[in-house]
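S.K.: I have a structure I would like to understand better, so I am pasting it below and will then ask my questions one at a time.
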Amino acid sequence: MTTTQRRGFNDTVTRFWSFAAPAYDQRCLQRWVYRPAQDEVIAKLRQHGSTQIADIACGTGILADRIQRELRPDEVYGIDMSEGMLAQARKRSDRVRWMSAPAEELPFEDGFLDAVVTTSAFHFFDQPAALAEFHRVLAPGGIVAVTTISPHQPIPVLQAMSAAVWSPAHNPSESELLALFAGAGFTVADQHRVRRPFWTPISDLITVGVKPA
Ligand SMILES: C[S@@+](CC[C@H](N)C(=O)[O-])C[C@H]1O[C@@H](n2cnc3c(N)ncnc32)[C@H](O)[C@@H]1O
């Protein structure tokens, strides 16, 4: 098993997030850590003109709800494995379709969506399997936008944790992401670092792929 394959910890990850869900929406945490990446994803969706969008590992539903309210697409789906997170999400909006499913096995027909996005969760996925699934559910010309947590410089303790087989998370490097996207059949349209309100040693990287027509 390589580090980017299934870590086999979906139950542990789900249990943790069900427990953490009530603390997740804290204002400072959202504004400084999660919102900048979500802003970039919304800008990409707006630029693409996406109409059938799924937010994978949507957590408490902040991004999916914003997509619905700010872009008014035909349909927004919020997908997560954690019932605790989905319970918070359901309270947030009744216009987003919330569904419980793993990123690696999505409840959509082939080519059903024109955009798949995921923020701050890709490190938990079986990354090749999730990207293959995103490719399957996207129509030709559809886009995938993935934001991942990434240190500016290698941090040895994080590298060791990320590589350890017992770790539920693996943060891929820029080049690993490019290879993963290409391996799943996507053309990479953009990859850059997301700016946060102030400098932090770890920030997000956004990678956008297109399913060739
Ligand atoms: C840090 S939260 C991110 C939530 C949201 N995307 C955001 O940006 O605020 C990580 C979420 O990923 C979900 N998750 C982790 N692995 C998953 C998988 N394989 N499939 C679906 N959801 C998963 C967890 O349940 C949790 O809700």
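The values are calculated or read from the model by the stated rules, or taken from the named source; none is laboratory data. Predicted model, so just to flag it, every value in this text is computed and none were measured. Glycine gets a Cβ as well: all are built from the backbone with ideal geometry, and neighbour counts include every protein chain shown.
S.K.: From the list Ala64, Ala89, Ala101, which one is modelled with pLDDT of 95 or more, more than 19 Å from Ile206 (Cβ to Cβ) and touching a Cys at 6+ places or on another chain (Cβ under 7 Å)?
M.R.: Ala89
S.K.: Among what's in segment 112-133 and is of a type in the set (Phe, Trp, Tyr) and assigned to a loop (DSSP other than H, G, I, E, B), pick the residue that is farthest from the ligand (Cβ to nearest atom).
M.R.: Phe112
S.K.: Out of the residues in segment 68-85 meeting the condition of being of a type in the set (A, V, I, L, M, F, W, C) and within 12 Å of Ala121 (Cβ to Cβ), tell me which one is farthest from the ligand (Cβ to nearest atom).
M.R.: Top of the filtered list is Ile79.
S.K.: Same structure again: Glu105 passes all but one of (1) closer than 18 Å to Lys211 by Cβ; (2) out of contact with any Phe, Trp or Tyr (no Cβ under 6 Å at 6 or more places or on another chain); which number fails?
M.R.: (1)
S.K.: For segment 177-213, enumerate the residues that are among the charged types (D, E, K, R) and surrounded by 16 or more Cβ atoms within 10 Å (Cβ to Cβ).
M.R.: Those that are among the charged types (D, E, K, R) and surrounded by 16 or more Cβ atoms within 10 Å (Cβ to Cβ): Arg196, Asp204, Lys211.
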